[in-house]
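Colleague: Sharing a structure, written as structure tokens. Questions coming.
The values are calculated or read from the model by the stated rules, or taken from the named source; none is laboratory data. Since the structure is predicted, the reported quantities are computational estimates derived from the model, not experimental observations. Here the Cβ positions follow ideal geometry from the backbone for every residue, glycine too, while neighbour counts run over all protein chains shown.
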């Protein structure tokens with residue numbers, strides 16, 4: 001019982017001293033830095049409503065999981081170029097994609113930036129619309145979702161530079 005009282009008293013002292021600037025090991029630590037010193041994890045950003053019309057679900061991204069899949073499906077059906085879509089649905093592309101991910105399982109862009117991330121997508125270095133080789137292994141690179149999205153946004157391939 002005595003040990004518990006001492007521990008709670010020490011905790012109260014830490015809390016009281018956190019309100020002011022304190023000195024630990026000869027360094028001045030301000031209250032906002034105390035959170036990092038005591039290894040308290042900061043909360044995540046608050047969830048926001050799904051952008052799909054009429055959906056009440058809260059999400060971290062733009063769409064909830066249910067509507068994210070639906071939006072991808074709608075994009076593929078109504079907006080993606082039919083020629084390009086037929087390429088990505090072909091057996092030859094699926095085999096080439098699998099082979100590329102087996103040869104390079106890490107994201108090539110992240111490796112250039114000294115990070116190691118698992119690749120989930122295979123991207124054409126020179127886009128098909130700009131004359132890049134469709135089934136040429138030298139025109140393909142393995143990318144993670146983040147790097148692929150960033151590259152597509154810069155190219156304007158999906159969002160048309162909006």
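Colleague: Mind counting the residues in region 127-140 that are more than 15 Å from residue 95 (Cα to Cα) and in contact with a helix residue (DSSP H, G or I) (Cβ under 8 Å, 6 or more places away or on another chain)?
Modeller: The total comes to 5.
Colleague: Continuing with this model, one more query. Could you say whether any residue in region 44-60 is modelled with pLDDT under 85, part of a loop (DSSP other than H, G, I, E, B) and farther than 20 Å from residue 149 by Cβ? Before you say what the answer is, go through the steps one by one.
Modeller: In the first step, residues of region 44-60 are kept if they are modelled with pLDDT under 85; the result is 44-45.
Now drop any that are not part of a loop (DSSP other than H, G, I, E, B), which leaves 44-45.
Those still in the list that are farther than 20 Å from residue 149 by Cβ too: 44.
Yes, some residue in region 44-60 is modelled with pLDDT under 85, part of a loop (DSSP other than H, G, I, E, B) and farther than 20 Å from residue 149 by Cβ.
Colleague: Please work out if residue 53 is without any contact (Cβ under 8 Å) to a residue 40 or more places away in the chain, within 23 Å of the chain's Cα centre (by Cα) and over 21 Å from residue 133 (Cβ atoms).
Modeller: When the stated conditions are applied, residue 53 does not pass them.
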